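Participant: Sending over a structure as structure tokens; questions will come in a sec.
The values are calculated or read from the model by the stated rules, or taken from the named source; none is laboratory data. Quick caveat, the model's predicted, so the values are computed rather than measured. Every residue, glycine as well, gets a Cβ built from its backbone with ideal geometry; the counts of neighbours run over all protein chains shown.
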Amino acid sequence: MSGIRPTGFLHLGNYFGAVRNYVRMQEEYECFFMVADLHSLTTHPDTKDLKVNVHRVLSENIASGLDPDKVALYCQSHIHETSELYLYLNMLAYQGELEKTVTFKEKVRQHPNNVNAGLLTYPVLQAADIILHRASLVPVGKDQEQHLEMARNYVQRFNHRYGKVFPEPQAFNYGSELIKVPSLDGTGKMSKSENQMATLYLSDDDDLIRKKVMKAKTDSGPTENNSKKPDYIENIFLLMRLVSDEGTIKKFESEYNNCTIRYGDMKKQLAEDMVRFIAPIRQKAMDIRNNESYLKEVMEKGAEKARRSAKATMELVRQAMGLNYY
Ligand code: AMP
């Protein structure tokens, strides 16, 4: 089970941190993937663009290879059971731990005038989304590690107080470690709404991709053989490892190690490899986005599957909590 907020265009971080794993998991597991529209309300209360954004996230997921016939692909707000479970979990979540959450502190800094209770309890809603399907594997990027730890805490508290209903969810990635795709300017991560010129979106056109990659931060090159790479250079290699072939990566690694590397050439190559990777997804997503009736069908079918699973879990929850008086 996993989700993506409809707060903007999907970027390479979403793809490599999350969606790529979804696409592999759909062949091996029963999967629930949702557009987290309720979560987006914590920071984006204006719903004017919400529909367009929900359609965009769905289209970009499908264009990346997610198959709505194999998984439950749905919209968070269509499953009302989530809100009920969220309420129960809120009684097991404590103010102190919520205030210490890294993402909460970050958001308080970014939106000092909108520190709402929904923002504070964001990890509780996320836990409800996951355990509503009694899911145990959660494909997410590295930025979600702490939220998953909190979800396990709520599960432990619930199971301890009311009897074992939920498995403990774990962050999941097919590689050995969770991924963080860095931004092109060497500061922080790629992100939907901040740092837009340093983030590569799946909707960027070819020229914009080239422009962004060519602006990535570099320096005049190493002066000692086999020296350690500064973070911003390591980031460019990391991006290259995501989209370029073995031979290309080896060539630039060895040029770095013997100090003959020309970062201009490296960025040109990276830009072309990015264009080759992103262009077909962008094109496909655009076609899907223009097909509103298909998207409606996808959401209805997804909600039906998710609702079935949610209803079964909530029966167990109410029974365990003793909320069955008749
Ligand atoms: P969000 O964009 O915050 O709704 O996140 C959706 C998914 O993408 C989550 O699983 C995140 O962990 C993942 N994600 C977002 N940004 C990055 C990034 N820069 N690198 C890796 N994963 C990311």
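Participant: Would you point out which residue out of Val108, Val165, Val138 is over 25 Å from Gln319 (Cα atoms) and not in a helix (DSSP H, G or I)?
Facilitator: It is Val138.
Participant: Looking at Met286, Met240 in this structure, which one is within 27 Å of the chain's Cα centre (by Cα) and surrounded by 16 or more Cβ atoms within 10 Å (Cβ to Cβ)? Explain how you work it out, then say what you get.
Facilitator: Numbers: Met286 fails: surrounded by 16 or more Cβ atoms within 10 Å (Cβ to Cβ).
One residue alone meets the criteria, Met240.
Participant: May I pose another question? Taking the range 133-160, which residues are of a type in the set (A, V, I, L, M, F, W, C) and either touching an Asp or Glu at 6+ places or on another chain (Cβ under 6 Å) or within 16 Å of the ligand (Cβ to nearest atom) (or both)?
Facilitator: Hits for the range 133-160 are Ala135, Leu137, Val138, Val140, Leu148, Met150, Ala151, Val155.
Participant: Continuing with the same structure: Would you please name the residue that is modelled with the highest pLDDT, looking only at residues in the range 161-171 that are surrounded by 18 or more Cβ atoms within 10 Å (Cβ to Cβ) and within 16 Å of the ligand (Cβ to nearest atom)?
Facilitator: Pro169
Participant: Here are some residues: Asp207, Asp143, Asp185. Which one is at pLDDT below 95 and assigned to a helix (DSSP H, G or I)?
Facilitator: Numbers: Asp207 fails: at pLDDT below 95; Asp185 fails: assigned to a helix (DSSP H, G or I).
Exactly one of Asp207, Asp143, Asp185 is at pLDDT below 95 and assigned to a helix (DSSP H, G or I), namely Asp143.
Participant: Would you point out the residue of the range 1-18, among those that are among the aliphatic types (A, V, I, L, M) and under 13 Å from Lys180 (Cα atoms), that is farthest from the ligand (Cβ to nearest atom)? Can you show your working first?
Facilitator: Residues of the range 1-18 that are among the aliphatic types (A, V, I, L, M), as a first pass: 1, 4, 10, 12, 18.
Next, only the ones that are under 13 Å from Lys180 (Cα atoms) stay: 12, 18.
Values: Leu12: 7, Ala18: 4 Å.
Once the filter is applied, the top-ranked residue is Leu12.
Participant: Under 6 Å by Cβ, and 6 or more places apart or on different chains, what pairs join a residue from the range 102-122 that is of a type in the set (Lys, Arg) with one that is at pLDDT 95 or above?
Facilitator: Lys107/Leu119
Participant: Taking Ala128 and the conditions (1) away from the ligand (no atom under 12 Å from the Cβ); (2) in contact (Cβ under 8 Å) with a residue 60 or more places away in the chain; (3) within 17 Å of Glu81 (Cα to Cα); (4) within 19 Å of the chain's Cα centre (by Cα), which numbered condition does it fall short on, given that it satisfies the others?
Facilitator: Result: Ala128 fails condition (2) only.
Participant: Quick check on my filter: what residues within the range 22-37 are under 14 Å from Ile4 (Cβ atoms) and in contact with a strand residue (DSSP E or B) (Cβ under 9 Å, 6 or more places away or on another chain)?
Facilitator: Tyr22, Cys31, Phe32, Phe33, Met34, Val35, Ala36, Asp37
Participant: Quick check on this structure: which one of Ser191, Ser136, Ser176 is in contact with a strand residue (DSSP E or B) (Cβ under 9 Å, 6 or more places away or on another chain), free of Cβ contacts under 8 Å to residues at least 60 places away in the same chain and of a type in the set (Gly, Ala, Ser)?
Facilitator: Ser136
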